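Taking it in order: structure first as structure tokens, then the write-up.
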Amino acid sequence: MSVLAQKRTVSKAEFINVANQIYVETMNFLTRLSARYSRLIAEPVAKLAGEVKDHSEKANSIFPSDAQRVQLRTAHLLEARASLMALDSRLTDCYQVMMQNPEGCFTTSKGKAVGPKDAVEKLDKMAQNLGELIDRENELLKGQIKSTGQRLKT
């Protein structure tokens, strides 16, 4: 039997799914950079997105059954959050670079450049989507850090 969307609770491992979405959306965003900038910017930004995903996966694989595992899980969660915050900053830089020539970021299916107004709208929509994912992941990671820290106290 299905549960209505508004009645569903957030999975405790939802931070993994959101980290994966952030990784995919970041790669999609970075492919919009011109070749001139992508050589300079894309690799470190992609690495940060990968770190968010990797540390989230590592944290999830550690069941906090004793103090050492709680500390290790918390450390990975903190690393994931730190990488997420750095990723947010770097993506803002990418967005500013792309806004200098937004129509150069998109082409139609026939290979023609998209108009400036449409390009700005598409770029804004992509950036908004990534920003919302980052905000959601930040909240999920903070919740995981808090709940994992409470295990240590009990």
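Scanning segment 97-154 for residues being part of a helix (DSSP H, G or I), open to solvent by less than 30 Å² (accessible area, probe 1.4 Å), of a type in the set (A, V, I, L, M) and closer than 19 Å to Ala35 by Cα gives a total of 3.
Residues that are in a helix (DSSP H, G or I), open to solvent by 60 Å² or more (accessible area, probe 1.4 Å) and under 19 Å from Ala127 (Cα atoms) within segment 29-52 comprise Tyr37, Glu43, Lys47, listed in sequence order.
Scanning segment 16-52 for residues that are under 10 Å from the mean Cα position of the chain (by Cα) and touching a residue at least 60 places away in the same chain (Cβ under 8 Å) yields a count of 7.
The values are calculated or read from the model by the stated rules, or taken from the named source; none is laboratory data. Just so it is clear, the structure is predicted and the values come from calculations on it, not from any experiment. FYI the Cβ positions are ideal-geometry reconstructions off the backbone, even for glycines, and counts take in every protein chain you see. The area values use the complete protein model at the heavy-atom level, side chains included, leaving out ligands, DNA and RNA. Shrake-Rupley method; radii C 1.70, N 1.55, O 1.52, S 1.80 Å.
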